[in-house]
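Each remark here refers to the structure printed beneath this line.
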Amino acid sequence: MDVRARGERWRIRRGRVNLTVAERLVAFARKHAGDGVPDDVRHEAKRLLLNQLKASVGATDHEVVRILNAWAGATGGEGNAQVLWLGTRMEPARAAMVNGALFEVLDFHDTYIPCYMHATSAVLPAVLAAAQSGGNSGRDVVDALSLGIEVELACARALMPTGYYRGFVPAGLTGGVGAAAGCSLLAGLDGERMRNALAIAMCTAFGTYESVGSMTLSYITGATAMSGLTAAELAGRGMDAPATAFEGDKGMRESYSDEPAEKIGEILDSLGAPWCIHGQSYKSVPTETITHAPIECALALRPRANGRKVARVRILVEPIVVDICDERMERFGDPHSELTARFDLCFCVAAAWRRGRFTLDEMREPAYTDPDILALRSRIELVRDETRESFDGCSMEVEFTDGTTESTSVDAFLGSPGRRMSDDELAGIFRASAEPVLPAGRVDEILAAVWDLESAPDIDGMMSLCRLA
């Protein structure tokens with residue numbers, strides 16, 4: 001079949017009869033921006049905002065944050081958008097980039113498990129930067145974040161999981177689309193310009209998982225936020241983009257995924273029914289999502305050891321977890337940095353067992369070079385559990401040197417949709433992360449500002465509280 005002829009038929013069918021994917025997404029977002037986002041969705045957006053503050057407050061001394069903050073300040077123009085916690089002011093796109101990296105680097109953010117992605121980390125920094133620059137209200141920000149995430153997840157659901165299997169960072173592919181949607185709403189773009197913003201972002205998606213274990217993964221998140229905000233700004237100035245940027249023969253789906261085209265219509269028809277924002281998983285420990293259930297099991301079994309020494313540990317996990325960990329073991333070997341330790345499930349379990357906790361300290365050099373932790377790591381075996389269809393649960397058996405065993409299982413780790421993290425639990429984890437580095441009383445002020453954000457005339461008050469000094 002002649003490719004040009006096939007492409008022409010697609011353009012006729014989609015352009016003249018049916019709305020394109022970008023147009024459907026714009027129609028959904030604009031309708032709910034006008035009618036009002038449901039209260040439960042707004043509340044979930046505020047929870048995700050607080051979760052990202054939790055994820056970033058301990059990340060300011062990380063080298064990639066230092067590099068990006070210095071680069072952005074040296075190369076960008078003046079602006080009033082703030083880098084969280086550091087307090088640096090810069091132009092919106094660069095502030096969005098640095099904040100995106102802050103949200104990513106500790107891997108302490110949210111995860112939408114069905115798509116293997118962190119849906120908030122690129123949308124939120126773009127929305128915050130655009131809102132500070134544009135003087136938008138707190139309610140505008142909450143709605144833009146809610147709708148940006150929902151648009152992003154619609155695209156991700158159409159591309160995943162095969163986009164992930166191909167090696168792409170899911171949020172790198174679709175986070176810019178969500179960011180463009182949120183920023184377009186804040187800027188008040190009309191339908192045509194908003195469609196162009198989404199299409200620009202669709203045409204400029206990027207990010208490969210070869211970046212895992214390096215600073216570049218955090219940069220991808222930040223650059224995606226910057227790209228989405230820039231797409232909205234350019235569309236606002238009149239830049240156009242192909243209407244079929246998602247579904248066209250050379251569009252996102254064909255380029256980044258092997259998912260069937262039939263999925264697209266089903267996903268678009270189900271927008272908002274239910275809202276996918278409610279499907280996020282929240283993290284209680286600062287490491288990768290696939291480690292959470294195993295760490296919970298280790299911390300539950302440890303008190304039952306009663307002085308017995310561990311001979312070996314078997315962890316039964318969803319099969320893809322074994323594949324992920326085997327590939328990383330081949331690439332990285334023993335952990336040699338904070339970033340490689342964070343993506344080493346067996347190391348994380350060993351560190352939790354040896355230290356009886358899992359905090360940021362368990363990611364630092366004294367932990368990932370600890371011979372006792374590394375020795376236990378070498379005795380941990382991952383086993384495929386064909387009955388598990390998700391990595392929000394696992395089973396663990398610990399065999400001791402005297403031949404006795406202890407076992408336990410977790411069907412849904414704390415923070416996953418099957419075991420929802422309460423507002424108080426989320427606030428408590430934020431408090432534990434923030435109080436050691438913030439002035440006395442600041443945590444309570446930030447919590448009040450986040451929960452009351454809808455009533456704020458702008459977000460400057462909340463942002464001014466999010467400073468280390």
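Consider Glu247 carefully, then state whether it is surrounded by fewer than 24 Cβ atoms within 10 Å (Cβ to Cβ), in contact with a helix residue (DSSP H, G or I) (Cβ under 6 Å, 6 or more places away or on another chain) and of a type outside the set (Ser, Thr, Tyr).
Values: surrounded by fewer than 24 Cβ atoms within 10 Å (Cβ to Cβ): yes; in contact with a helix residue (DSSP H, G or I) (Cβ under 6 Å, 6 or more places away or on another chain): yes; of a type outside the set (Ser, Thr, Tyr): yes.
Here the answer is yes, as Glu247 does meet what is asked.
Hey, Val443 hits all of (1) under 24 Å from Leu186 (Cβ atoms); (2) over 21 Å from the mean Cα position of the chain (by Cα); (3) crowded, with 20+ Cβ neighbours inside 10 Å but one; which does it fall short on?
That leaves (1) as the condition not met.
State all residues of the range 78-92 that are over 16 Å from Ile446 (Cβ atoms), in contact (Cβ under 8 Å) with a residue 40 or more places away in the chain and assigned to a strand (DSSP E or B); if no residue qualifies, say none.
Ala81
Every residue in the range 420-453 that is within 25 Å of Asp61 (Cβ to Cβ), among the acidic types (Asp, Glu) and part of a loop (DSSP other than H, G, I, E, B), please.
Glu435
Output the number of the condition that Ala311 fails; it satisfies all remaining conditions of (1) part of a helix (DSSP H, G or I); (2) of a type outside the set (Lys, Arg); (3) surrounded by fewer than 21 Cβ atoms within 10 Å (Cβ to Cβ).
If we test Ala311 against (1) part of a helix (DSSP H, G or I); (2) of a type outside the set (Lys, Arg); (3) surrounded by fewer than 21 Cβ atoms within 10 Å (Cβ to Cβ), just (1) comes out false.
Quick check on my filter: what residues within the range 14-31 are at pLDDT 95 or above, over 15 Å from Gly178 (Cα atoms) and part of a helix (DSSP H, G or I)?
Lys31, the sole residue that qualifies.
Among the helices (runs of 4 or more DSSP H) confined wholly to the range 315-419, which include 3 or more residues that are among the polar types (S, T, N, Q) and at pLDDT 95 or above? Outline the logic, then answer.
Values: elements: 319-332, 338-342, 345-355, 365-368, 371-377.
Qualifying helices (runs of 4 or more DSSP H): none found.
Is one or more of the residues making up the range 382-394 over 21 Å from Tyr112 (Cα atoms), in contact with a helix residue (DSSP H, G or I) (Cβ under 6 Å, 6 or more places away or on another chain), surrounded by fewer than 19 Cβ atoms within 10 Å (Cβ to Cβ) and outside the structural domain of Cys115 (by TED's automatic domain parsing)?
Yes - at least one qualifying residue is present in the range 382-394.
Output the number of residues of the range 449-462 satisfying the condition of being more than 24 Å from the chain's Cα centre (by Cα) and under 19 Å from Ser433 (Cβ atoms).
So the count comes out to 0.
Does Ala235 fit the bill of being touching a Gly at 6+ places or on another chain (Cβ under 6 Å) and either surrounded by fewer than 18 Cβ atoms within 10 Å (Cβ to Cβ) or modelled with pLDDT of 95 or more (or both)? Quick ask: steps written out before the conclusion?
Numbers: touching a Gly at 6+ places or on another chain (Cβ under 6 Å): no; either surrounded by fewer than 18 Cβ atoms within 10 Å (Cβ to Cβ) or modelled with pLDDT of 95 or more (or both): yes.
For Ala235, the condition - touching a Gly at 6+ places or on another chain (Cβ under 6 Å) and either surrounded by fewer than 18 Cβ atoms within 10 Å (Cβ to Cβ) or modelled with pLDDT of 95 or more (or both) - is not met.
The values are calculated or read from the model by the stated rules, or taken from the named source; none is laboratory data. It should be emphasised that the depicted structure is a prediction, and the values quoted were computed from it without experimental measurement. With ideal geometry, Cβ positions are generated from the backbone for all residues, glycine too; neighbour counts draw on all protein chains shown.
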